[in-house]
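The values are calculated or read from the model by the stated rules, or taken from the named source; none is laboratory data. Every value quoted in this text rests on a predicted model; they were computed, and no experiment measured them. Here the Cβ is made from the backbone with ideal geometry for all residues, glycine too, and neighbour counts use every protein chain on show. Quick note on the areas: whole protein, heavy atoms, side chains included, nothing else; ligands and nucleic acids left out. Shrake-Rupley method; radii C 1.70, N 1.55, O 1.52, S 1.80 Å.
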Amino acid sequence: MKIYLLSPPSTPRFIRSARWEAADRGGTTYYPLWLSYTTGVLEERYKEVRLVDAQVWGWSVDDVVNDVKKFNPDLVVVDCAFSSLMSDIKVAETIKKNIKKDVKTVLVGPPTSQFSEKILNNDVDIVARFEYDFTIRDIAEAVEEGKSLENIKGISYKEDGKIIHNPDRGFTNSEELDAIPFVSKVYKNHLNMKDYFLAHTLYPMVQIFTGRGCPNQCTFCSWPKTLMGRKYRVRSVENVVDEFEYIAEEIPEVKEIFIEDDTFTIDRKRVKEICEEIIKRKLDVTWSCNARADLDYETMKVMKEAGCRLLDVGYESGNDNILKNIKKGITLDQAREFTKNAKKAGLMILADFVIGLPGETKETVEKTIKFVKELKPELMQFSVATPIPGTEFYDWVKENNFLIVDDLEESLNDEGIQKAIISYPELTNEEIEKYMQKGVKDYYLSSSYIPIAMKSILRKNGLSELRRMMISVKMFFNYLRKGR
């Protein structure tokens, strides 16, 4: 049994595995996260599993077809994103057309939970909805043994020209997450880690999950609705720190581990236990994570002691009414207190903001830009609000006729950069884009940012901080030169 897992070609630097599907102005390149976890699950049973990141490797569709022909798989798994869906489907169709006719093609990724019927109306055999690590394993077993697909939960498929939707599969539990092989081992065996870069981490880095799911109710966030659910399921403390230790010992070139959990800091007791175990084992590891702006100082202090370097924080807006509108569950005063405590603990901050959320006006955007300058984060990011199918935000803009495109693939320009695809009476799509650019330029190109940048370089791992910064600066000024 041969299985081929593919992140298909797309526009340069397009980030298919990110929460916002677009190319990044700072040069960020994600690992094929979910495909990599699935690869680990499959390799426990199958020896011939190939993971291909054609997107990052710069391969054309012809390159992919030639590689697939050489590998001669029985099952081809193609990742997809809302912003590249039809392109991803066409890649799957081209593969099926150009190799042996009995190969089974499976599409995976967030769009499959929303558009399984649409996908299967093309020449695709199976859709694996929501989380798919173990679903793909079950499909592989059925294909290998020539069994029917009728008992596999979480899939939609075609049989005798008819589309069949099997019941949803339950989301993974903690025991299953512990059983999945370390994704860092998959990266080491299948990918070149120097191909991947996060503008806010030291380079090279690895991205891992210590848990899945998010109980928070942010109306614009896609993954809890389209991929991994609301309930937060976690790996055991020992299992997480075992992977940290594996990375430190077996992949010493890795400078930082980034924890991709949406809600890593929500269970403060568990966070402290992980930190205490890192300290107990005397691991010299640098790591960062996504965090909510309600984390307490004592927890941050322990995190710093255990090697935490940076917190990636969704502040979203500098207006309390907008935060209420999106059900963020955080106030500006909480955000201020959190930021003060993070700086006191010695942690860097990547502050994420979104322009164009419900209630946005010129005045609220100006307040957000001012709020960023007040917080003085080491790094910041402005994104345009993109309504993703399955979210409350998407339903709201559709119902109020604020969405100006019919296809999410129109949310990117020719270079894969986000475009504003919503327009309000108080704030047009052109104004949203201009404010996004203004917010980034006003912060990073101001003289007041120089001491913030210098302070980062003078930290531990200062040379690595400088290298990270220079890569991002190069990409950012390239973006500015093109008139963005």
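List of remarks:
- Among the conditions (1) more than 21 Å from V127 (Cα to Cα); (2) open to solvent by less than 10 Å² (accessible area, probe 1.4 Å); (3) among the β-branched types (V, I, T), T11 misses just one, which is (2).
- Residue pairs meeting the criteria (Cβ under 7 Å; at least 6 apart or on separate chains; first hydroxyl-bearing (S, T, Y), in the stretch 85-99; second open to solvent by 20 Å² or more (accessible area, probe 1.4 Å)): S87/S10; T94/V61
- Total residues in the stretch 85-140, condition outside any strand (DSSP E or B), under 27 Å from F182 (Cα atoms) and not acidic (D, E): 14
- Every condition in (1) open to solvent by 20 Å² or more (accessible area, probe 1.4 Å); (2) within 23 Å of S383 (Cα to Cα) is met by D62 except one, and the failing one is (2).
- The residue of the stretch 175-217 that is nearest to E316 (Cα to Cα), among those that are small (G, A, S) and open to solvent by 10 Å² or more (accessible area, probe 1.4 Å), is A199.
- Near pairs, Cβ below 8 angstrom, 6+ apart or cross-chain, from the stretch 336-360 (at positive phi) to any residue that is of a type in the set (A, V, I, L, M, F, W, C) and open to solvent by less than 10 Å² (accessible area, probe 1.4 Å): G356/V384; G356/A385; G356/A420; G356/I422; G356/L427; G356/I432; G359/I322
- Unmet requirement for K362, which otherwise passes all of (1) buried (at least 16 other Cβ atoms within 10 Å of the Cβ); (2) over 20 Å from Y449 (Cβ atoms): (1)
- Checking the stretch 436-443 against the condition returns no match, with no residue being closer than 26 Å to S10 by Cβ and in a loop (DSSP other than H, G, I, E, B).
- Scope the stretch 27-50; condition crowded, with 21+ Cβ neighbours inside 10 Å and in a helix (DSSP H, G or I); matching residues: W34, L35, S36, Y37, T38, T39, G40, V41, L42
- Every pair of residues 6+ apart whose Cβ atoms lie under 9 Å, when the first sits in the stretch 164-179 and is polar (S, T, N, Q) while the second is surrounded by fewer than 15 Cβ atoms within 10 Å (Cβ to Cβ): N166/E150; N166/N151; N166/K153
- Any hit, the stretch 244-255, residues being part of a loop (DSSP other than H, G, I, E, B) and farther than 30 Å from A453 by Cα: no
- Pair list, Cβ under 6 Å, 6 or more apart: the stretch 271-288 residue under 19 Å from V234 (Cβ atoms) and touching a residue at least 12 places away in the same chain (Cβ under 8 Å), other residue charged (D, E, K, R) and surrounded by 18 or more Cβ atoms within 10 Å (Cβ to Cβ): S288/R309
Yes or no, residue by residue, for (1) closer than 26 Å to S464 by Cα; (2) open to solvent by less than 20 Å² (accessible area, probe 1.4 Å); (3) part of a loop (DSSP other than H, G, I, E, B):
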{"residue": "I257", "(1), (2), (3)": "yes, yes, no"}
{"residue": "C275", "(1), (2), (3)": "yes, yes, no"}
{"residue": "V285", "(1), (2), (3)": "yes, yes, yes"}
{"residue": "E298", "(1), (2), (3)": "no, no, no"}
{"residue": "V302", "(1), (2), (3)": "yes, no, no"}
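- Scan of the stretch 219-243 for residues that are outside any helix (DSSP H, G or I), touching a residue at least 40 places away in the same chain (Cβ under 8 Å) and touching a Lys or Arg at 6+ places or on another chain (Cβ under 8 Å), ordered by number: T219, C221, S222, M228, G229, R233, V234
- Across the stretch 234-247, the qualifying residues are those that are of a type outside the set (F, W, Y) and buried (at least 18 other Cβ atoms within 10 Å of the Cβ), and the one among them that is nearest to G211 (Cα to Cα) is V234.
- Tally, over the stretch 1-26, of residues that are modelled with pLDDT of 85 or more, assigned to a loop (DSSP other than H, G, I, E, B) and of a type outside the set (S, T, Y): 3
- Among the candidates V397, V354, V372, V365, residue that is among the hydrophobic types (A, V, I, L, M, F, W, C) and outside any helix (DSSP H, G or I): V354
- Within the stretch 218-231, the set of residues being on the phi < 0 side of the Ramachandran plot and open to solvent by less than 40 Å² (accessible area, probe 1.4 Å) comprises C218, T219, F220, C221, S222, W223, P224, T226, L227, M228.
- Among the candidates E378, E433, the residue that is open to solvent by less than 80 Å² (accessible area, probe 1.4 Å), in contact with a strand residue (DSSP E or B) (Cβ under 8 Å, 6 or more places away or on another chain) and free of Cβ contacts under 8 Å to residues at least 60 places away in the same chain is uniquely E433.
- Considering residues of the stretch 65-109 that are over 18 Å from L408 (Cβ atoms) and of a type in the set (S, T, Y) only, the residue most open to solvent (accessible area, probe 1.4 Å): T94
- Extreme residue, nearest to the chain's Cα centre (by Cα), among residues of the stretch 148-167 that are exposed (fewer than 13 other Cβ atoms within 10 Å of the Cβ) and assigned to a loop (DSSP other than H, G, I, E, B): P167
- Taken together, R137, R129 contain a single residue that is in contact (Cβ under 8 Å) with a residue 24 or more places away in the chain, surrounded by fewer than 20 Cβ atoms within 10 Å (Cβ to Cβ) and within 25 Å of the chain's Cα centre (by Cα), which is R137.
- Selection of the stretch 418-435 for residues being assigned to a loop (DSSP other than H, G, I, E, B) and in contact with a helix residue (DSSP H, G or I) (Cβ under 8 Å, 6 or more places away or on another chain) yields K419, A420, I421, S423, E426, L427.
- Count - residues of the stretch 443-468 that are more than 22 Å from D352 (Cβ to Cβ), at pLDDT 85 or above and of a type in the set (A, V, I, L, M): 2
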